[in-house]
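The values are calculated or read from the model by the stated rules, or taken from the named source; none is laboratory data. Quantities reported herein were computed from a predicted structural model and do not represent experimental measurements. Cβ placement follows ideal geometry from the backbone for every residue including glycine, while neighbour counts extend to all protein chains displayed.
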Amino acid sequence: MSTRTQTSTAKTPERGPRKRLTAEARREAILDAALEVFAQRGYNGSSIDEIAQAAGISKALIYEHFPSKRDLHVSLLESHVQEIFERLADAAATSDPGEVRLRAGVDAFLGFVETRRDAFRMLFRDAVEPEVVGIVAAVQRQTAAAVAGMIATEPRKGRGDPRRDAKAIEMLGQQLTGAVQSLALWWGDHPEVQRKDLVDSVMNFAWLGLERLRAGERFST
């Protein structure tokens with residue numbers, strides 16, 4: 001009597017084709033990896049090889065989207081610069097009093113710093129690099145212009161020469177912008193400080209002085 005032995009073999013589930021990313025999704029993945037590398041190592045300390053490794057793709061694939069490291073860096077900066085401008089524009093484009101709009105603008109900028117720390121670090125740590133200095137200067141100019149616009153719309157006593165007033169407002173915008181940027185850099189080493197406290201500090205520093213200027217007070221020697 002013979003016994004038939006039956007063996008059962010488990011079927012290996014078939015794997016479907018690997019899902020390919022769209023060109024736009026691949027570009028975004030490259031930008032995300034580049035942000036991480038540039039923020040950690042700076043522009044000169046980074047390489048396409050490192051970015052490709054961080055993105056899990058080949059260097060050749062990066063070059064399909066960006067001709068050079070500089071083009072990749074500039075594309076990344078421009079996307080975040082645009083976000084800063086949009087946040088500031090939203091804060092400025094209201095009919096609220098200047099104090100309210102200025103506070104909203106400061107909070108919007110510091111909100112970017114808080115939620116995009118890598119982007120802020122990348123943008124301003126390489127500010128002296130020739131490839132970046134123009135973009136950073138554009139950020140500062142437009143930010144200062146937005147702040148100056150908020151100041152200029154406020155009623156002031158003792159208005160004098162309009163051209164002199166415009167230049168004085170422009171200088172105030174530059175000073176305030178530089179102060180907030182410096183405070184944001186300081187915040188990187190003091191993450192325990194709440195954003196609201198930073199905004200309060202800026203308003204105490206800037207707005208109280210602006211109130212006195214609008215009332216016609218001037219420092220004289």
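Listing for the model above:
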| read-out | value |
| --- | --- |
| Some residue of the stretch 153-166 being at pLDDT below 80 and closer than 18 Å to Ala89 by Cα | yes |
| Residue in the stretch 115-132 that is at pLDDT 85 or above, surrounded by 19 or more Cβ atoms within 10 Å (Cβ to Cβ) and outside the structural domain of Tyr43 (by TED's automatic domain parsing) present | yes |
| Any hit, the stretch 135-144, residues being within 24 Å of Asp200 (Cβ to Cβ), at pLDDT 85 or above, polar (S, T, N, Q) and part of a helix (DSSP H, G or I) | no |
| Tabulated pairs, the stretch 177-199, first farther than 18 Å from Gly105 by Cβ, second part of a loop (DSSP other than H, G, I, E, B), C-beta under 9 angstrom, 6+ apart or interchain | Trp186/Val193 |
| Residues that are at pLDDT below 85, among the aliphatic types (A, V, I, L, M) and either outside the structural domain of Asp118 (by TED's automatic domain parsing) or closer than 15 Å to Leu35 by Cα (or both), drawn from the stretch 75-105 | Leu77, Val81 |
| Which numbered condition Ala60 fails, given (1) modelled with pLDDT under 90; (2) in a helix (DSSP H, G or I); (3) not assigned by TED's automatic domain parsing to the domain that holds Phe120 | (1) |
